[in-house]
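Single-structure report; data block below.
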Amino acid sequence: MFKNKFKGKFIAIEGLDGCGSTTQTLRIENYLKKIKKPYLVTNEPTNNVIGGIIKAYVEGDIKLTSPASLQLLFAADRANHLEQEIIPNLKGGINVITDRYFLSSLAYGALNIADDGWLYNINDLFLIPDLTILIKTSAKTCVKRIKANRLGVELFENEDKLKKVWNNYEMLSKKYPNISVVDGEKSEDEVFSDIQKEIDKIIK
């Protein structure tokens, strides 16, 4: 993976489904707007064709014959995302915030991919964020939020799977740089306050 040498800062928000990553991403957007810093908010999977296939699979609308197929789609979607959107904006001095990035692929992908080395390798040429916010929320809390706020439950959204995914996230947080873990069991305002402190360290 390579470090960000561009003018803009790259921030990824990560965590279990139901952790509040999308809510906090929107809070970050409002904050950067308030302090008059240039920004772009984006997400993975993206809204392009490859991202659409991934979303259709996760929602149960299509089937893929192997877990490797899904991870290769994630990698292709990410490569395109970087080339077409993230890096051009960073070069232009725009701060880019993404709701999910490569850490999600590794944490969730390891549920069905036995060869961790292969999973790491297909993500190894991507850009490392200047800051990754990892929202720590229990699997039980996440499932409760998902059931309260969504009409259906998607592929990875059950408590046993989410517990395993969180274990993967914790391991990854020690392997990769620039990761800050925040307590997602706090109130929405308190979580954002913790995130804001981390953002203020890199965006002056």
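Quick note: the coordinates plus some simple rules give every number you see, no bench work behind them. Here the structure is a predicted model, which is why all the values come from computation and not from measurement. Cβ atoms come from the backbone with ideal geometry, glycine included; neighbour counts cover every protein chain shown.
In table form, for the structure just shown:
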| quantity | calculated |
| --- | --- |
| Selected residue (criterion: nearest to the chain's Cα centre (by Cα)) from residues of the stretch 3-23 that are among the β-branched types (Val, Ile, Thr) and in a helix (DSSP H, G or I) | 22 |
| From the options 21, 66, residue that is out of contact with any Pro (no Cβ under 6 Å at 6 or more places or on another chain), among the polar types (S, T, N, Q) and crowded, with 20+ Cβ neighbours inside 10 Å | 21 |
| Meets criteria (within 20 Å of residue 12 (Cβ to Cβ) and of a type in the set (A, V, I, L, M, F, W, C)) for residue 143 | no |
| Set 89, 47, 30, 43: member being polar (S, T, N, Q), without any contact (Cβ under 8 Å) to a residue 24 or more places away in the chain and within 24 Å of residue 196 (Cβ to Cβ) | 30 |
| The stretch 75-128, residues that are of a type in the set (Phe, Trp, Tyr), more than 12 Å from the chain's Cα centre (by Cα) and closer than 21 Å to residue 47 by Cα | 126 |
| Qualifying residue in the stretch 181-193 (condition: in contact (Cβ under 8 Å) with a residue 40 or more places away in the chain, in a helix (DSSP H, G or I) and of a type in the set (A, V, I, L, M, F, W, C)) | yes |
